[in-house]
Amino acid sequence: MLSTTTIEIVKSTAPLLEEHGETITKVFYAELFELNPQLKNLFNMSNQAKGEQSRALSDTVIAYAKNIDQLEALLPAVRRIAHKHVSLGVQPNQYQLVGNSLLHAIQTVLDLDEAHPAMLAWTEAYAVLANVFKDVEQEIYKKNQSATGGWEGFRDFYIDRIEQEAIGVKSFYLKPLDMAALPKFKGGQYVGVKLRPDGSTHYQIRQYSLSAYAHDALRITVKAEPEGKASHFLHQCQVGEGVLVQSPTGVFNLSGDRQKHIFVAGGVGITPLMSMAEQAIQQGVKGEDILFIQCAKSMDHQIFKADLADKKDRSLLRHKLCFEESNTGDHQGYLTPDVLQQWLDDADINAGNSQVYFCGPKSFMAIMKQYFLALEYQESDIHYEVFGPTLNI
């Protein structure tokens, strides 16, 4: 437990952290990697270069300072981040390395002495937060390992099958090299995949959503991103090649709080939503109670085209298509509030009886959140997944 004095001091630093947060985290990462280059194996260096990781960490530190007297408000974010840490294989002893560099960065940027009350308070506060993360992560590791077919650490898999889904998008069916059982996972979960692209000085670990539910293989569906070393490396892989995979994890899952489900996918953001919809179908949710809205550039960019058409034909779900550059779907152009309202009304899926799930580019999700809040959906009924650092939308 933190003392009242420590809590008051940490909360008082929130304005300074808001002003200097990104500078602090940039200084932190520079020192961390200089002193511990082996940790580059755990980080997406592309996100580092774009500054997204620094912004995400800055947001987290500021949120901690503001809510340090009511830590229960942070638990959903802690669990989300802890699952990402587990997919990377983060270990308890690494928190000390991170803490040393983070506290030194705060001290340097704010020009404080080691004995300054703010530094003493943050040293204590960091230790408490680190212990919270370590406890949550160890709980997840144990749960993953103890599940039937589960494991801890990176397990040897091989690529059993590759399918072209759309322009620049492929599905990879991964099977364990030991041919042992796979665990039962939840729709929307992801796996950490560890790769060593040609010419790379360190490993690349990426989280890829499981895009099929209750399959005899783990299916990931990957878009070759313009600057994505890992995704381009995967797209060059052949059937039979090996990859290292962490156990399925993640908290972007189906909620049982409402009878009906709305899924809104933007581009490759369809991947977790596909397995969630399949889980809902397998659990007996009626097709009329599942509205699946898919937004894509054109028919050539539509992912899971045949599978979704089949599900619609068998009345397993309602499927609506928005094509930005084609009139062959249900709407041409971006999804608008009027079109969304019409589809919700037609399906009798409204605020109070439905859960909403969306995934796609961050700008897309920010707009979808505004739309559904304007339609009086409760924030607790709105769920989304961010690919990459956990940034607010």
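The values are calculated or read from the model by the stated rules, or taken from the named source; none is laboratory data. None of the values given here were measured: they were computed from a predicted structure. Every residue, glycine among them, receives a Cβ derived from its backbone with ideal geometry; neighbour counts consider all protein chains shown. Heavy atoms of the whole protein, side chains included, go into the accessibility calculation; ligands, DNA and RNA do not. Shrake-Rupley method; radii C 1.70, N 1.55, O 1.52, S 1.80 Å.
For the reader, a short list of remarks on this structure follows.
- Residue within segment 55-67 that is open to solvent by less than 50 Å² (accessible area, probe 1.4 Å), in contact with a helix residue (DSSP H, G or I) (Cβ under 6 Å, 6 or more places away or on another chain), farther than 23 Å from Lys26 by Cβ and outside any helix (DSSP H, G or I) present: yes
- Members of segment 303-317 that are more than 21 Å from Met365 (Cα to Cα) and either of a type outside the set (Asp, Glu) or open to solvent by less than 80 Å² (accessible area, probe 1.4 Å) (or both): Lys305, Ala306, Asp307, Leu308, Ala309, Asp310, Lys311, Lys312, Arg314, Ser315, Leu316, Leu317
- Among the candidates Thr271, Thr201, the residue that is of a type in the set (Ser, Thr, Tyr) and within 20 Å of Lys311 (Cα to Cα) is uniquely Thr271.
- Residues in segment 249-300 that are aromatic (Phe, Trp, Tyr) and in a strand (DSSP E or B): Phe263, Phe292.
- Single residue of segment 359-389 satisfying the filter (over 30 Å from Glu225 (Cβ atoms) and of a type in the set (S, T, N, Q)) that is surrounded by the fewest Cβ atoms within 10 Å (Cβ to Cβ): Ser380
- Per the listing Thr108, Thr123, the residue uniquely touching a residue at least 12 places away in the same chain (Cβ under 8 Å) and either touching a strand residue (DSSP E or B) at 6+ places or on another chain (Cβ under 7 Å) or under 22 Å from Ile7 (Cβ atoms) (or both) is Thr123.
- Any hit, segment 210-224, residues being over 19 Å from Ser87 (Cβ atoms), open to solvent by 20 Å² or more (accessible area, probe 1.4 Å), modelled with pLDDT under 95 and charged (D, E, K, R): yes
- Condition check for Thr25: crowded, with 18+ Cβ neighbours inside 10 Å and in a helix (DSSP H, G or I): yes
- Of all residues in segment 85-134 being open to solvent by less than 20 Å² (accessible area, probe 1.4 Å) and of a type in the set (Ser, Thr, Tyr), the one that is nearest to Thr23 (Cα to Cα): Ser101
- Number of positions in segment 135-155 that are open to solvent by 90 Å² or more (accessible area, probe 1.4 Å), outside any loop (DSSP other than H, G, I, E, B) and either out of contact with any Asp or Glu (no Cβ under 7 Å at 6 or more places or on another chain) or small (Gly, Ala, Ser) (or both): 5
- Of all the criteria given as (1) farther than 23 Å from Asp300 by Cα; (2) modelled with pLDDT of 95 or more; (3) among the polar types (S, T, N, Q), the one not satisfied by Asn353 is (2).
- Hits in segment 163-179 (condition: part of a strand (DSSP E or B), over 12 Å from Leu218 (Cα atoms) and touching a residue at least 60 places away in the same chain (Cβ under 8 Å)): Glu165, Ala166, Val169, Lys170
- Total residues in segment 262-281, condition under 13 Å from Gly187 (Cα atoms) and either modelled with pLDDT under 95 or open to solvent by less than 10 Å² (accessible area, probe 1.4 Å) (or both): 10
- The set of residues from segment 333-358 being surrounded by 15 or more Cβ atoms within 10 Å (Cβ to Cβ), among the polar types (S, T, N, Q) and without any contact (Cβ under 8 Å) to a residue 40 or more places away in the chain comprises just one member, Asn350.
- Taking every residue in segment 212-227 that is over 19 Å from Gly242 (Cβ atoms) and pairing it with any residue that is assigned to a loop (DSSP other than H, G, I, E, B) and open to solvent by 20 Å² or more (accessible area, probe 1.4 Å), at least 6 positions away or on another chain, the pairs with Cβ-Cβ distances below 7 Å are Lys223/Gly168; Ala224/Gly168.
- So Ser315, is it under 24 Å from the mean Cα position of the chain (by Cα), of a type in the set (Gly, Ala, Ser) and not in a strand (DSSP E or B): no
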